[in-house]
Structures are given as structure tokens and as C-alpha cells.
Amino acid sequence: MPEVALEARGLHCGYDGRLVLSGVDLALAHGEFAGLIGPNGSGKTTLVRALAGRLPAQSGEVLLDGAPMAAMARREVARRLAVVPQISTPPFEFTVREVVAMGRTPHLGRLQAERAEDREAVARALALTDVAALANRPVTELSGGEYQRVVIARALTQEAPVMLLDEPVSHLDIGHQVEILELLVRLNRDEGRTILAVSHDLNLAARYCDRLIALEQGRVVASGAPEEIITDALIERLYDCAVLIDAGPTGRPRVTLLGGDAR
Ligand code: ADP
């Protein structure tokens with residue numbers, strides 16, 4: 001197996017002729033847990049969509065296990081890569097269990113009924129994300145945080161070795177934030193899953209990710225261990241606010257917001 005799980009090479013992407021990503025080079029090694037940071041509008045969601053094969057490249061390419069993703073069947077991509085998009089309002093009144101079971105689609109033949117292993121994967125994902133009690137509720141009646149966990153559960157049932165998550169804990173209370181992030185750490189450490197998660201919370205990103213990748217105006221401007229990236233200079237430049245950075249109790253950098261207008 002190639003060492004690199006997912007790679008962007010000279011990736012240019014955008015919408016309606018307007019370029020958002022201008023030459024992104026990025027390689028995620030197998031078994032890596034990386035965090036993607038950067039201010040609003042820097043292109044994080046666009047990069048996740050492009051890495052997931054959901055937004056075509058204007059130039060450059062995305063490679064999954066060394067092969068161009070654009071030439072791969074969607075089903076094949078879905079077996080290897082699961083995406084947790086930013087949540088929006090659920091479109092249909094499916095039950096929680098139905099939504100989570102949709103993650104099994106890439107493993108089932110056309111019109112093939114659910115097998116015992118599919119039911120087990122769904123039950124496991126419902127339990128791991130603490131939504132088993134909601135299994136029969138329509139997703140349209142959930143809180144934002146509950147629905148966010150359902151979307152994560154759907155990605156878990158895919159059992160894909162690579163997971164891309166766009167702000168996976170942004171709607172969760174702190175207890176569920178820690179629970180989901182520790183679940184991701186376990187999937188990464190124990191099962192070797194490769195994870196890239198977008199985070200607005202720099203403290204959580206520094207605490208849980210092994211590497212941070214910073215985007216600014218559609219370009220990767222820094223990549224490295226949290227201590228290398230969470231520095232006054234870079235954070236103040238990226239977010240235009242004054243911060244104090246010290247080592248938190250976990251030994252990882254800790255960011256305290258001091259005020260706006262750092263420059
Ligand atoms: P981030 O996730 O870092 O906040 P996005 O990737 O969401 O950044 O957005 C980057 C830029 O692309 C923004 O200027 C945004 O307005 C634009 N953009 C995002 N999605 C769309 C879309 N569907 N159509 C047109 N422009 C978009």
C-alpha cells in the first residue's frame with residue numbers, strides 16, 4: 001500500500017469561475033490525524049469537498065491511495081473514504097437509524113437487503129455516537145448536536161479507512177465534543193484510520209491532532225506539529241486578533257483570546 005492515503009497536487013478549485021483553492025499541495029499519510037485550520041472563507045470546506053471528490057478540480061488532482069480519484073467509481077471512493085460534511089437541516093423525515101444505515105450503501109450490492117454485519121455496524125455506530133436512544137426518531141426533530149452525531153454515525157458505518165470531517169463538533173456541548181474527539185483518537189490509534197478534521201476551535205485542534213495544516217486565502221501556508229503552528233505570529237496573522245499562547249495542562253499549546261485587531 002502506498003504510504004500516502006490522500007493527496008492533493010497543485011489543486012485549483014472554485015465556484016462559477018471564481019477560484020477558491022489556488023494550488024493546494026497536501027499529503028495525508030496513512031494513520032495520520034491532522035487538523036485543518038484557517039479563518040472563515042479561507043477554503044477549508046472547499047478543500048474537504050475537493051478531497052472527497054465532491055467538487056471537480058479546475059486543475060491539479062486528488063489521489064486516493066496513489067490513484068487519481070477523478071477516475072474512480074463513486075462506490076469505490078465511498079468504501080475507502082467517509083465524509084462528515086458540515087451539518088445543514090435534514091432534508092427528509094428519515095429516522096435516525098435509516099440515515100445511519102445509509103452509510104452501508106457502498107458495501108451492499110444493488111437492491112441487496114441489509115445483512116447481519118450491516119445491522120451490527122449500524123448498532124455499533126449508534127452506540128459510539130450516543131444516539132442509540134434516538135434510533136426511531138425522525139431526523140427532522142433532532143437538535144443540531146444530536147443530528148451532528150447522527151451524521152458522524154453514518155460516516156462510521158461506512159468503515160472507510162480515511163475520514164474527512166468538516167467541523168464535526170461545532171454543534172456539540174463540551175461533553176459530547178470530548179466524547180467524539182476521543183472516539184476519533186481511538187479510531188486513529190487503534191484502527192489506524194487516517195483522519196482530517198476541520199476545526200474552528202484551536203484548543204481542541206491542538207489537543208487532539210498530531211499535525212495542523214493552516215489555510216489562508218486558498219493556500220496551505222503552514223503545516224506541522226501543533227507547537228509549530230499554534231504560535232502568536234501565525235494565529236494573529238490568520239485570525240487578526242491578539243492571543244496569548246502557553247502550554248496547557250495537557251502539554252499542548254493553549255490559546256487565550258486577548259482581543260481583536262492584532263495588527
Ligand atoms: P471556509 O470553510 O474556510 O470558511 P469555504 O470553503 O466555505 O471556506 O469558502 C471559501 C470561499 O468560497 C468563500 O469566499 C465562499 O463564499 C466561497 N464559496 C463556498 N461555497 C460556495 C458555493 N457553493 N458557491 C459559491 N461560492 C462558494
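Read the figures in this text as sums done on the coordinates, not as results from a lab. Please read all numbers here as calculations on a predicted model, not as lab measurements. Cβ coordinates were reconstructed from backbone atoms using ideal geometry, including for glycine residues, and neighbour counts include every protein chain displayed.
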Practice item. Enumerate the amide H contacts of residue 197 below 5 Å, restricted to partners 5 or more residues apart or on another chain; note that Pro and chain-start residues carry no placed amide H. Key: 34, 35, 36, 165
Revision key, fill the gap. Pseudo-spin-label distance residue 115 to residue 241, built 7 Å along Cα→Cβ, given in nm, is 5.0 nm
Study note, to complete from the structure: In nm, the gap between the two label points placed 7 Å beyond Cα toward Cβ at residue 76 and residue 190 is 3.2 nm
Point to revise | Residues of segment 170-187 with amide N under 16 Å of a point placed 7 Å along Cα→Cβ from residue 143 | key: 170-180
Study note, to complete from the structure: Only helices counted: for the chain, with every DSSP H run of 4 or more residues adding -39500 (n - 2.57) and the sum spread over all residues, [θ] at 222 nm is -9500 deg cm²/dmol
Revision key, fill the gap. Checking segment 26-94 for chymotrypsin sites (Phe, Trp or Tyr not before Pro) in a loop per DSSP with at most 14 other beta-carbon atoms within 10 Å yields 92
Practice item. Would you pull out the residues with amide H under 5 Å of residue 216's amide H, same chain only if 5 or more places away, H placed 1.01 Å from N? Key: 221
Revision key, fill the gap. One checks the Cα atoms of segment 98-205 and finds Rg and Dmax, in Å, of 13.9, 45
Check your understanding: Taking every DSSP beta bridge that has both residues in the chain, what percent is antiparallel when rounded to the nearest 5?
Key -> 65 percent
Revision key, fill the gap. Fewest-first ordering of 241, 209 by Cβ atoms within 10 Å yields 241, 209
Point to revise | the chain, relative contact order [Cα under 8 Å, separation at least 6], % | key: 23 percent
Check your understanding: Between residue 102 and residue 182, what length in nm is gained on full extension when 0.36 nm per residue of separation is reduced by their alpha carbon distance?
Key -> 26.4 nm
Check your understanding: Rg (Å, one decimal) plus Dmax (Å, integer) for the alpha carbons of segment 1-131?
Key -> 16.8, 47
Review point. Dimensions of segment 51-124 along principal axes (Cα, Å, largest first)?
Key: 40, 28, 22
Practice item. Please report the Cα spread of segment 201-248 along all three principal axes, rounded to whole Å, starting with the longest. Key: 29, 24, 16
Revision key, fill the gap. Mean projected area, convex hull of alpha-carbon positions in the chain, reported to one decimal in nm², is 14.9 nm²
